[in-house]
Each structure stands twice: as C-alpha cells, then as structure tokens.
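Presented below is the structure to which this report refers.
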Amino acid sequence: MANNDIPAADTRSGKTLEEKTGNMMPAMALEWQDAFDSLKDAVFLLNPEFRILRCNRAATEMFRKKDGEILGRHCWEVVHGTKEPILECPTTRMRKSGKRAVSEIHSGNRWLEVTADPVLDGKGEICGVVHIVSDITERRLLDRTLRMIGECNRSLVRARNETELLDAICHIAVEQGGYRMAWVGFAEADDAKTVRPIAKAGFESAYLETVNVTWSDTERGRGPMGTSIRTGQCVVVRNISADPLFAPWREAAMQRGYNSCIALPLLEDGKAFGSLMAYSNEPDAFDTAEVDLLTQLASDLAYGLKSLRIRFAHEEAEAVIRKSEQRHRVLFNCAYQFMAFLSTSGILLVVNNAPLAAGG
C-alpha cells in the first residue's frame with residue numbers, strides 16, 4: 001500500500017479515522033491548554049484587528065484580570081491600560097513590517113518586554129498575532145544597578161576634587177538611576193545648623209533656593225534631609241503629597257514633579273557630615289532593593305570624599321615639608337662657615353656654598 005493510501009476505516013475496530021481523531025480532540029485540547037498555561041510569560045493570541053482571542057494563565061495573573069475582562073479587548077487596553085496603541089507598540093511596527101517586533105516598555109513600576117509575532121495565512125497575509133509579554137523588571141534593575149555602581153567607581157578613581165566627585169554622583173543618580181533630581185547637602189556647624197547645598201543634577205528649577213533646610217530638631221529640620229543628618233539614618237518619603245513632615249516643601253516639590261524622595265546620610269566615623277537626596281516622579285518609588293542600591297551609592301560617595309580629604313591632607317603636608325626643606329637649604333647655603341653632612345662611615349654627602357664663596 002502506498003504511504004498516501006489511508007484506509008477509510010479500521011477493519012478491526014470498525015471506526016473511521018475521523019471518528020478516532022475526533023475522540024482524541026478534547027484530550028489534545030486539554031494538553032495544549034496545560035502547556036499554554038505552564039508558560040511563565042503572558043501570551044495572547046490576537047486576531048488581525050489586535051483583539052484578544054485567547055490568553056494563558058500567566059496573562060490573567062500578570063494583569064490581575066479574569067478571562068472575561070481580557071477576551072475581546074484590544075491588547076493595548078489590557079497591557080497598557082490605554083484606548084489606543086502606545087508610541088512604542090510592537091504590534092503597530094509588526095503590521096508595517098510583517099516581521100517580529102520587540103519593545104521594552106516602562107509600565108507603572110514594572111519593565112515589560114513586549115513581543116509581537118505575525119501569523120501568516122497561505123497567501124502571506126497576517127491572519128493573527130502571537131503577543132508575548134515578559135516582566136523584565138528584575139533584569140532591568142540589575143543592569144541599572146551594575147551601571148550605577150560601575151559609573152560610581154569610575155568617578156571615585158577619576159575625581160580630582162570634592163566638587164567634581166559630588167557633581168558626578170548626582171549626575172549618575174539622575175542619568176543612570178532615572179531620578180528626577182538629586183542633590184548633596186553638607187551640615188554646617190553654625191548656630192542655625194544650616195544644610196548647605198553643594199552639588200545637584202536633574203530638574204531642579206531653583207528648588208534648592210527655596211528649601212531652606214536645617215539639621216536642627218525644628219520644623220525645617222524634620223524633613224528627610226535634616227533628619228538623615230541628625231540621626232545618621234536613611235529617610236524615605238513615599239508620598240510627598242501626603243507626608244506631614246514634608247509640608248514646608250510640598251508645594252514647591254509637587255510643582256516640579258517630585259512625588260517621593262529619599263535622603264541618605266554621608267557618614268564618617270559613624271557621624272553624618274551631609275546627605276545625598278534623590279527625588280522620583282513616581283510615588284512610593286523606593287522599595288527595599290532601591291534603598292539598598294542608594295545606600296551603597298551614598299556609602300561609596302562618603303568613602304570617596306574621605307579618601308580625597310586624606311589625599312589632599314597628605315599633599316598639603318608634603319608641600320609644607322618641601323617648603324621647609326627649601327628654606328633650610330637656603331639658610332644652609334647662605335651660612336659663612338663651612339658646613340657639611342657626612343655619612344656614618346665618614347663619606348662627605350653634601351656641603352654648603354661657604355667653600356666656594358671663599359674661593360676654596
């Protein structure tokens with residue numbers, strides 16, 4: 001019998017092939033759904049209009065919606081909560097190119113990798129879409145952490161003075177960390193216990209000219225910056241619009257888009273001499289991982305400042321010694337009497353100019 005000659009019936013069971021495969025379909029469908037639901041990424045099957053026909057369990061869990069709240073809706077309604085495709089939408093790019101499109105999108109407090117793969121019919125036309133959404137927040141945070149620590153270490157090595165180092169750390173917090181603004185304040189030893197802004201980066205718009213922060217136990221010293229210096233502890237304001245201790249600066253902060261912030265003390269021998277402060281445009285932006293990362297950044301900054309100060313102290317001491325040596329050499333050479341230094345074995349090491357002046 002030829003390979004393509006399929007019998008119409010199984011003579012032993014008396015069932016046709018259609019009957020046998022028909023009986024298998026429910027089990028096959030169940031196996032397919034189990035495999036579909038075992039995937040950790042959210043998977044949607046879309047029609048050509050990008051409406052969701054099916055989804056797996058991960059999709060309902062990731063977006064906290066039941067099947068009935070997902071099926072029939074456009075993918076962007078579920079994934080992004082919008083009424084139309086967002087600018088970075090991969091489905092829009094896939095429709096134009098007819099090929100896979102991938103985007104990394106910041107959605108709320110998560111980073112999502114969104115993939116759109118076309119399903120083509122026999123004519124090569126798009127008849128559906130496989131839409132996969134992966135939560136890559138942890139990966140992005142790890143990448144960001146490594147970038148920030150790497151840039152911080154490079155700044156510690158390259159900085160020639162305190163101002164250069166402080167400016168670099170503030171820029172790292174904004175450009176690599178994604179914060180809206182960052183600044184460093186030093187605690188003054190005056191009667192008012194003033195906090196003096198030293199460096200800043202990001203969208204500040206004269207904010208520091210209005211803050212008037214102290215580290216005393218007064219109203220303007222009980223905010224995050226003053227408290228972190230006074231106590232030597234990290235202070236997090238999760239919601240600037242609601243935190244009563246942030247009241248003196250709330251209006252100015254909200255006008256500039258600051259919704260949460262953190263202050264981290266700069267410590268030397270267990271005592272705070274200043275604080276690093278960062279602001280986010282999102283409320284409750286500082287979770288445990290974020291606090292740990294910024295604590296490390298502040299610790300590195302304090303260490304770098306201490307190292308610079310020690311280096312400068314050594315350089316100043318060396319300069320004083322060199323100046324003293326030069327002064328003593330002038331006196332040595334100007335003496336009228338013959339003077340010389342001998343080694344312990346009696347070898348002449350150095351003499352002054354007296355013999356030359358005497359013509360000897």
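The values are calculated or read from the model by the stated rules, or taken from the named source; none is laboratory data. Bear in mind that the values here come from a model prediction, so they are computed numbers and not experimental data. No Cβ is skipped: glycine too gets one built from the backbone with ideal geometry, and neighbour counts run over all protein chains shown.
Table for the structure above
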| item | result |
| --- | --- |
| Segment 54-81, subset assigned to a loop (DSSP other than H, G, I, E, B) and under 15 Å from Asp41 (Cβ atoms), residue farthest from the chain's Cα centre (by Cα) | Asn56 |
| Criterion violated by Asn212 - all others in (1) in contact with a Gly (Cβ under 9 Å, 6 or more places away or on another chain); (2) exposed (fewer than 14 other Cβ atoms within 10 Å of the Cβ) satisfied | (1) |
| Residues (in contact (Cβ under 8 Å) with a residue 24 or more places away in the chain and touching a helix residue (DSSP H, G or I) at 6+ places or on another chain (Cβ under 8 Å)) located in segment 185-204 | Gly185, Ala187, Lys193, Val195, Ile198, Ala199, Lys200, Ala201, Gly202 |
| Pairs where the first residue, in segment 169-184, is crowded, with 24+ Cβ neighbours inside 10 Å and the second is β-branched (Val, Ile, Thr), C-beta under 7 Å, 6+ apart | Cys170/Val184; Met181/Val174; Ala182/Val174; Val184/Ile198 |
| Test: residue in segment 82-105 that is of a type outside the set (Lys, Arg), in a helix (DSSP H, G or I), farther than 30 Å from Asp292 by Cβ and touching an Asp or Glu at 6+ places or on another chain (Cβ under 9 Å) | yes |
| Total residues in segment 202-225, condition part of a helix (DSSP H, G or I), closer than 13 Å to Ala263 by Cα and either modelled with pLDDT under 95 or out of contact with any Lys or Arg (no Cβ under 9 Å at 6 or more places or on another chain) (or both) | 2 |
| Cross-chain or 6+ apart pairs with Cβ under 7 Å, segment 28-57 first and touching a residue at least 40 places away in the same chain (Cβ under 8 Å) and among the aliphatic types (A, V, I, L, M), then in a strand (DSSP E or B) and surrounded by fewer than 14 Cβ atoms within 10 Å (Cβ to Cβ) | Leu45/Leu53; Leu46/Leu53 |
| Boolean, Ala272 is of a type in the set (A, V, I, L, M) and touching a Ser or Thr at 6+ places or on another chain (Cβ under 8 Å) | yes |
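Residues checked against (1) aromatic (Phe, Trp, Tyr); (2) farther than 22 Å from Leu146 by Cα; (3) surrounded by fewer than 18 Cβ atoms within 10 Å (Cβ to Cβ):
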position: Glu219; (1), (2), (3): no, yes, yes
position: Cys234; (1), (2), (3): no, no, no
position: Leu264; (1), (2), (3): no, no, no
position: Phe273; (1), (2), (3): yes, yes, yes
